[in-house]
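Taken together, the values in this text are just the output of simple stated rules run on the coordinates, not laboratory data. Computed from a prediction, not measured in an experiment: that's the story for all the values here. Neighbour counts run over all protein chains shown; Cβ positions are idealised from the backbone, glycine included.
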Amino acid sequence: MHMRQSRVLRQMRAGKVATCTKLNLSDPRCAEIAAMCGFDCIWIDLEHVPNNMTSVEDAVRAAKAYDVDVLTRVSKGCYSDICRPLEADSAGIMVPHLMSLEEAKKIVYYTKFHPIGRRPIDGGNADGKFCMVRAADYIKEANEERFTVVQIEDPEPLAELEEICALPGIDMIFFGPADFAQGIGAPAGSDPRVDETRRLVAATARKYGKFAGTIGGAANFDSLVQMGYTFISTGADVVALYHYFGDLAKAVSDRDIVAIK
């Protein structure tokens, strides 16, 4: 028996762009609907959203039914906070606000098995098919079929960007434009430094054979691909709902109709 292969890695290794959408809501039916619609990956969040590991497990089960990956953005804490989503069979984990090369080394240490890192071994959870994947296969396949993502969303790590991108065990560099804009003192409006850094991150990641990820939408999707991004997250469940409910409420509230008495 073997670990489930990552759809995202399969896409990107074949030279294709992996698509993703973000879910804030914890109902696994949201994950199932997104998976049925054809995304390669569903991004769920433990940094900003009050989800828990049960939410992660439920989303993973719903997505796996359609061969769709889950990427879990973790909260920054101890090594267990980083490892648990992987053991729940998230195909990838994303660590927010990477601030230094030293921090990146610690992330690799805790998310990759020997010979890359020293991730604690269990194998008795969903990723290891509850001990049904042989230990040697589990270690090898987890290193090959699970991806570790770090977010560049602050100006501080740019001084070590080359070294971070060159580090074995980091699979994807993900640029976060909103927090980066805040970090350079331009939280509102458009600042050319944001676009310059977005291009720099993609170019540097590719230079060292790493995948580049970011957020985008239908309007700038093609331009992001041209920059070198091969993992692009578009939209979110809460955005879809407020647009749908907002448009619907407006359509029925704006009618100049008097109820029949």
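When the label point is put 7 Å from the Cα of residue 99 along its Cα-to-beta-carbon vector, which residues of region 147-173 have a backbone N closer than 12 Å?
154-157
Counting other C-beta atoms within 10 Å, which of 113, 130, 174 has the fewest, and how do the rest follow?
Listing 113, 130, 174 from fewest to most nearby Cβ atoms yields 130, 113, 174.
Filter the trypsin sites (Lys or Arg not before Pro) in region 1-56 down to the DSSP loop ones having no more than 13 other Cβ atoms within 10 Å, then list what survives.
16
Can you list residues whose amide H is under 5 Å from residue 43's amide H, if they're 5+ apart or on another chain and H is modeled 1.01 Å from N?
For residue 43, the qualifying residues are 21, 22, 23, 71.
Where does helix 28-37 land angle-wise versus the long Cα axis of the chain, in degrees 0 to 90, nearest 10?
90
By how many degrees, 0 to 90 and rounded to 10, does the Cα axis of helix 192-207 deviate from the longest principal axis of the chain?
The angle comes out near 40 degrees.
Strictly under 4.7 angstrom between C-beta atoms: which cysteines of the chain have no such partner?
Taking the Cβ cut-off of 4.7 Å, the unpaired cysteines of the chain are 30, 37, 78, 83, 131, 165.
Give the angle, between 0 and 90 degrees and rounded to the nearest 10, that separates the Cα long axis of helix 135-145 from the longest principal axis of the Cα atoms of the chain.
The angle comes out at about 50 degrees.
Under the 0.36 nm per residue contour assumption, what length would be gained going from the current alpha-carbon distance of residue 136 and residue 250 to full extension?
Length difference between fully extended and current span is 35.2 nm.
Using alpha carbons only, how many angstrom separate the centre of region 28-100 from the centre of region 126-163?
The two parts, judged by their Cα centres, are 13 Å apart.
Net charge within 13 Å of residue 228 by Cβ-Cβ distance, Lys/Arg positive one each and Asp/Glu negative one each, not counting residue 228 itself?
Cβ neighbours under 13 Å give a net charge of +4.
Can you give the calculated 222 nm mean residue ellipticity of the chain, where each DSSP H run of n ≥ 4 adds -39,500 (n - 2.57) and the sum is split over every residue, rounded to the nearest 500 deg cm²/dmol?
-13000 deg cm²/dmol
For labels at residue 184 and residue 48 in the simple 7 Å Cα→Cβ model, what's the distance in nm?
Spacing of the two 7 Å Cα→Cβ label points: 2.0 nm.
Out of 120, 136, 221, whose Cα points farthest toward the positive end of the dipole of the chain (charges: +1 Lys, Arg; -1 Asp, Glu; placed on Cβ)?
Result: 136.
Just want the ordering: 261, 64, from fewest to most Cβ atoms lying within 10 Å of their own Cβ.
Fewest-to-most ranking of 261, 64: 261, 64.
Taking a 26 Å limit on the Cα-Cα distance, which of the listed pairs 106/210; 105/207; 76/207 fall beyond it?
76/207
Put a dot 7 Å past each Cα toward the Cβ at residue 207 and residue 17; how far apart are the dots in nm?
2.4
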